[in-house]
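Student: Structure provided below as structure tokens; questions to follow.
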Amino acid sequence: MFQRATLRVGALVVIAGLALSGCRKKSAPQYYQLESNVTILADRDGDDAWSGDEMTAALTALKAIDPEAVEGPRAQALITRIESERGRVEREKAAATQAAAVVTPRATVRLFDEKNAGAGTDGGAAGSTPDASVPDRPFGGMALADFQKLFGGCMSAEGEQPVPGLGPAKVFSVKNDDAACRTRYGLPDDGSVKQTYAFKNDQLASQHTESHTRVLLDAGQPEYLVVDAGVEQRLSILPQIRDVPDAGN
């Protein structure tokens, strides 16, 4: 009798053990490596990572994980994240492509002072309507040939000279002995300001303004003494602008 009861209890224990083992979820340890791979790719490549081949391989492996596994819910969440990021990147690229296809006309770029902007170009009549496609001032990166063609009438060539920040460069200065040129470039009539343009590799690289200051001293009637109080220099390194779009098109 005792022996039968023992056998009965043992059978129940075995059945319970089998039932418990059948209810225990399986594990998918490969998830942790895949999660690490996704993080590394995103950190290394940024937005480009989400549509790359390595991310595609990780996504395929994540989808192969049994949703009923212990790591199943986490794998599904990571799948959702990858697909969401892919959609975002694709939308942003499409928007950027569409924006790049829209061409907006730009106005003529003017880098220097715009006094007397309506004075016209060299050789033209003052007060005439300027062509919006032609700059009324030299601009950074301008080719030497274009500079001489458009502004040469008001310029004197001073040859190659050392220029701070540039080294040897071809230098041109506004003609101070020409009243029309002084007016166009906003220079005083007394010749106290000298404005030069320096070219490096045949492209306009800087504008240099040099001001001579004079002081009038009362030395007693009826004589006056004019003293040169020094020279003030200003050097402008110009940004490179290689084209002047026609704002009228």
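The values are calculated or read from the model by the stated rules, or taken from the named source; none is laboratory data. These numbers come from a predicted model, not from an experiment. Calculation scope for accessible area: heavy atoms of the full protein, side chains included, ligands and nucleic acids excluded. Shrake-Rupley method; radii C 1.70, N 1.55, O 1.52, S 1.80 Å.
Student: Can you list the HN-Hα couplings for the stretch 65-81, worked out from phi with the Karplus curve (6.51, -1.76, 1.60; θ = phi - 60°), rounded to whole Hz and with x for Gly and Pro?
Tutor: 6, 4, x, 8, 5, 4, 8, x, x, 5, 5, 5, 5, 5, 4, 4, 5
Student: Another one. Straight-line reach from residue 26: which lysines have a Cα under 26 Å away, not including same-chain ones fewer than 8 places off?
Tutor: Leaving aside lysines fewer than 8 places away in the same chain, those within reach of residue 26 are 63.
Student: May I ask you to rank 156, 51 by accessible area, largest first, using a 1.4 Å probe over the protein chains only?
Tutor: On the way: 156 45, 51 65 Å².
Ranked from most to least accessible, the order is 51, 156.
Student: To the nearest 10 square angstrom, what accessible area does residue 80 show with a 1.4 Å probe?
Tutor: Accessible surface of residue 80 is approximately 90 Å².
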